[in-house]
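Comments concern the structure below.
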Amino acid sequence: MTRSEHTAEAWDAEAPTFDEAADHGLHDPAVRAAWQSLLLDHLPPAPARVADLGCGTGTLSVLLAECGYWVDGLDLSPAMVGLAEEKAAASSDRSLTFRVGDAADPALPDGTYDVVLSRHVLWALPDPAAGLERWTRLLAPGGRLLLVEGSWSTGAGLTAEQTRSLVESTGRECAVLPLPEEHYWGRPIEDERYLVHSPA
Ligand SMILES: C[S@@+](CC[C@H](N)C(=O)[O-])C[C@H]1O[C@@H](n2cnc3c(N)ncnc32)[C@H](O)[C@@H]1O
């Protein structure tokens, strides 16, 4: 079994219960509103074209499509993509596509996206620096990167400084916004969670 088949199988196993976490399913209106507000504060005005890399069950993709964005979601896990497609069908929004694919080398058109969005995926790539460099090539002139990452109590993840340094190594400037507030996670947190945004 290849590395990516192994990764896909592991995430397939997570898919049925993935949306139970408050920040994954966004079932709590207050948590949903917090993410919507955070994302809209850092996105260009709709309509704009967004690539959601490692989109999981498509929660953020659907949220943005409902706000008027065109969103292409991509994830390695067929089970995650299946759930994302169900959500898209239920939302009646037609400005969404989902596909199975590797975010390390996404089969999406270069130079096309106003935003590359990725939440909790960069840390999991085998070579985050190479992945990030690839992601920047998806951006249209003036496009921006929006990365939500963390250095979790489990020991997994990337610190904000590691992510900042990865983005800067692509030649882009960026800013870090810490996200310690309970309203993003549905519970108090003590580990490091943050948004890194890199305008054009
Ligand atoms: C923690 S989940 C985050 C899902 C979604 N971004 C969210 O915030 O709700 C990580 C996701 O990344 C996907 N993933 C992991 N490695 C990937 C890769 N190399 N290419 C594409 N997706 C990947 C997993 O299948 C999983 O859906």
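Each reported figure results from applying straightforward, stated rules to the coordinates on display, with no laboratory input. Keep in mind it's a predicted model, so treat the numbers as computed, not measured. Heads up, the Cβs are rebuilt from the backbone with ideal geometry, glycines too, and the neighbour counts pull from every protein chain shown.
Computed quantities for the displayed model
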{"quantity": "Cα gyration tensor, the range 87-184 - rounded (a/c under 1.5), prolate or oblate", "calculated": "oblate"}
{"quantity": "Prolate/oblate/rounded label for the range 58-116 (Cα gyration tensor, a/c 1.5)", "calculated": "oblate"}
{"quantity": "Peptides 50-60, 16-26 ordered by average Cβ neighbours within 10 Å, highest first", "calculated": "50-60, 16-26"}
{"quantity": "Summed residue charge, Cβ within 10 Å of Cys174's Cβ, Lys/Arg positive, Asp/Glu negative", "calculated": "+1"}
{"quantity": "Net charge of Cβ neighbours under 11 Å - reference Gly73; Lys, Arg +1; Asp, Glu -1", "calculated": "-2"}
{"quantity": "Cβ-placed point charges (K, R +1; D, E -1), dipole of the range 1-149 about Cα centre in debye, nearest 20", "calculated": "460"}
{"quantity": "Helical contribution to [θ] at 222 nm, DSSP H n ≥ 4, -39,500 (n - 2.57), averaged over the chain, rounded to 500", "calculated": "-11500 deg cm²/dmol"}
{"quantity": "Shape category assigned to the chain from the gyration tensor of Cα positions, a/c cut at 1.5", "calculated": "rounded"}
{"quantity": "Per-residue HN-Hα couplings for the range 21-36 [Karplus 6.51, -1.76, 1.60; θ = phi - 60°; Hz; x = Gly/Pro]", "calculated": "5, 4, 7, 8, x, 6, 6, 7, x, 6, 5, 4, 5, 5, 5, 4"}
{"quantity": "Estimated vicinal HN-Hα couplings, Hz - the range 107-120 in sequence order (Karplus 6.51, -1.76, 1.60; Gly, Pro = x)", "calculated": "7, 10, x, 5, x, 10, 9, 6, 9, 9, 10, 8, 10, 6"}
{"quantity": "Estimated vicinal HN-Hα couplings, Hz - the range 83-91 in sequence order (Karplus 6.51, -1.76, 1.60; Gly, Pro = x)", "calculated": "5, 4, 5, 5, 5, 5, 5, 6, 8"}
